[in-house]
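Any read-out appearing in this document is the output of simple, stated calculations on the displayed coordinates, not a laboratory observation. Values in this document were obtained by computation on a predicted structure and should not be read as measured data. All Cβ positions, glycine included, derive from the backbone under ideal geometry; neighbour counts span all protein chains shown.
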Amino acid sequence: MQLLMLGVGSSAGTPMLGCDCDTCTSTDTRNNRTRCSSVITLDNGKVILIDTGPDLRLQSLRAGLTHLDAVLYTHTHADHIHGIDDLRAFCQIQRAQIPLYGSHETVAHISGKFGYTLREPSNFWDLPVLKANAVDGPFNLFGQTIIPIPLKHGNSDIYGYRVGDIAYLTDVSLIPESSLLLLQGLKVLLLDCLRPTAHYTHINLEQSLEYAGLIKAKSTYLIHMTHQLEYVALSAQLPDNVFVGYDGLKVSAT
């Protein structure tokens, strides 16, 4: 099983418009961060996308991504869902409906705001052809058990996901004790790490490292970072089994 980080940036992305800080002006491409999203390729070749951020088209072109079998949604904020229309190209290429999975609140939001995308297959492929499925516990997808991980994002209840020995936790302000129990024995953890200082709806660097220590994955990668975290400087501060994620990084659950 392999995961590709399409984007590891926060809602503003990096470089941030109008900013001339060291991270935003860096020539190190690992500091160029599009909005947060990843794809997991299962052992059977099925490809699962996590979130459809507004950079999905550019991310897909950069990664050579031309096939998707399903989408998992963490929550409904713009930087995680507003690229949903770009799924149209995958439907056109595949001539197939793409299933979406998320919480009941997420499915209701998609139905209300992006209802035109929820269509049954026909001979018309000029719009996305998607099917939304609400989940509230583990479910089977392409022979793989997918475990939604309940998280707090400020006042919002959202999902992370565990797929085999990989877990993806973005936009976290609190991981409940019951969810920590679902994260034992991981080989790869992708974990929210917004900035050095405290934030109401995200964990900061100190809190991310605390959670990484509690979860004890074989390898932890920090994601959803602002321009306040520079790749080389941040890397120098991390324990041996914690790494800075970057756009285009591939990791395997081995």
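A few points about this structure:
- Ordering TYR221, TYR200 by the number of other Cβ atoms within 10 Å of each residue's own Cβ, fewest first, gives TYR200, TYR221.
- Spatial offset of segment 121-158 relative to segment 162-210 amounts to 20 Å, using the alpha carbon center of each.
- Label assignment, volume of the Cα convex hull per residue in Å³ derived from the structure, set [x] 172; [y] 123; [z] 135: [y]
- If you plug the beta carbon distance of TYR200 and LEU180 into 1/(1 + (r/R0)^6) with R0 = 22 Å, you get a FRET efficiency near 0.55.
- Taking chymotrypsin sites (Phe, Trp or Tyr not before Pro) across segment 56-134, the ones in a DSSP loop with at most 10 further Cβ atoms lying within 10 angstrom of their Cβ are PHE124.
- Ranking of GLU105, GLU230, GLU120 by count of other Cβ atoms within 10 Å, fewest first: GLU120, GLU105, GLU230
- Percent antiparallel among DSSP beta bridges (both partners in the chain, rounded to 5): 55
- Using θ = phi - 60° in the Karplus curve 6.51 cos²θ - 1.76 cosθ + 1.60, the 3J(HN,Hα) couplings for segment 90-107 round to 5, 4, 5, 5, 8, 6, 8, 6, 10, x, 10, 9, x, 5, 4, 5, 5, 5 Hz; x is entered for Gly and Pro.
- The HN-Hα couplings worked out from phi for segment 141-153 by the Karplus form 6.51 cos²θ - 1.76 cosθ + 1.60 (θ = phi - 60°) are 9, 6, x, 10, 6, 10, 10, x, 10, x, 9, 9, 10 Hz, whole numbers, x standing for Gly and Pro.
- Calculated from backbone phi, Karplus (6.51, -1.76, 1.60) coupling profile of segment 45-57 in Hz, x at Gly/Pro: x, 5, 10, 10, 8, 10, 6, 10, x, x, 9, 4, 4
- Among the listed pairs LYS131/LYS218; LYS216/LYS250; LYS46/LYS187; LYS46/LYS131, those with a Cα-Cα distance over 23 Å are LYS131/LYS218.
- Overall form of segment 138-254 per C-alpha gyration tensor (a/c, 1.5; a/b vs b/c): oblate
- About the centre of its Cα atoms, the chain shows a dipole size close to 540 debye [charges on the beta carbon of Lys, Arg (+1) and Asp, Glu (-1) only; nearest 20 debye].
- Measuring between their Cα centroids, segment 11-27 and segment 44-71 lie 25 Å from each other.
- Estimated 222 nm signal from helices in the chain, with DSSP H stretches of n ≥ 4 weighted -39500 (n - 2.57), rounded to 500: -5000 deg cm²/dmol
- For the options SER208, SER38, SER26, a Gaussian network treatment of the chain with springs between C-alpha atoms closer than 10 Å singles out SER26 as fluctuating the most.
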